[in-house]
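Heads up: the structure comes next, in structure tokens.
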Amino acid sequence: MTRVSVDLADAPYDILIAPGAFGQIAEHVGGYARAGRLLGVTDEGVAAHWLEPLRARLAAADIALDVFTVPQGEQAKSWAWLEKLTDWLLDRGVERGDHILALGGGVVGDLTGFAAAIAKRGCGFVQIPTTLLAQVDSSVGGKTAINTGAG
């Protein structure tokens, strides 16, 4: 496994790169579970292929995964979906020290990162990119956003 450390002054983080890294996902994110539970976000398309394998790997480590699912596409990066996601996180008792999993591509990463930044004045998030673009775009550099009428 290759570990690339991004040494930001106030928020350093690591990027883990390895063939088959998904097989050890519980080892990599298990430390973020609070009371044996993680919160995650994905979209309908990714959920169809990756959600159950993720749940199974986490369950094998006694970690439950509670997931918020958004529609596929740019429409999910909106004020409306940000509000729904933030309310969902708060309803589930997200705390400032929690990390939210973003399972998917750039839309999921952007929306999850933005929600994590504003929930409880900011909590962490972990990207689990499922596309090549997500691996090199939104998962590196901490850029998050939603779409608005002005851009």
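The values are calculated or read from the model by the stated rules, or taken from the named source; none is laboratory data. These numbers were taken from a predicted model, which means no experiment stands behind them. Here Cβ is always computed from backbone atoms with ideal geometry, including for glycine, and neighbour counts include all displayed protein chains. Ligands, DNA and RNA are stripped out before the accessible areas are found, and what is left, the full protein with its side chains, is counted by its heavy atoms. Shrake-Rupley method; radii C 1.70, N 1.55, O 1.52, S 1.80 Å.
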For the chain, accessible area per residue (1.4 Å probe, heavy atoms of protein chains only), Å²
54 Å²
Histogram of C-alpha separations across the chain, 10 Å bin width, %:
11, 44, 38, 7, 0
Can you tell me which lysines have their Cα less than 16 Å from the Cα of LYS120? Leave out same-chain residues fewer than eight positions away.
LYS84
Under the rule that an exposed site lies in a DSSP loop and has at most 16 other Cβ atoms within 10 Å, name the longest stretch of the chain with no trypsin sites (Lys or Arg not before Pro) of that kind, not counting the sites themselves.
1-91
Please compute one quarter of the surface area of the Cα convex hull for the range 1-85 and express it in square nanometres.
7.2 nm²
Can you tell me how much longer the chain between ALA150 and LEU133 gets when fully stretched, taken as 0.36 nm per residue apart minus their C-alpha distance, in nm with one decimal?
3.7 nm
Highest-fluctuation residue, VAL136, VAL46, VAL94 considered, GNM on the chain with Cα pairs under 10 Å:
VAL136
If you take the C-alpha gyration tensor of the range 44-133, multiply each eigenvalue by 5 and take the square root, what semi-axes do you get, largest first, in whole Å?
19, 17, 11
Show TRP88, TRP79, TRP50 ordered by accessible area, largest first, where the area counts protein heavy atoms only and the probe is 1.4 Å.
TRP79, TRP50, TRP88
Carbon and sulfur %, accessible surface of the chain computed with the full protein complex present, 1.4 Å:
54 percent
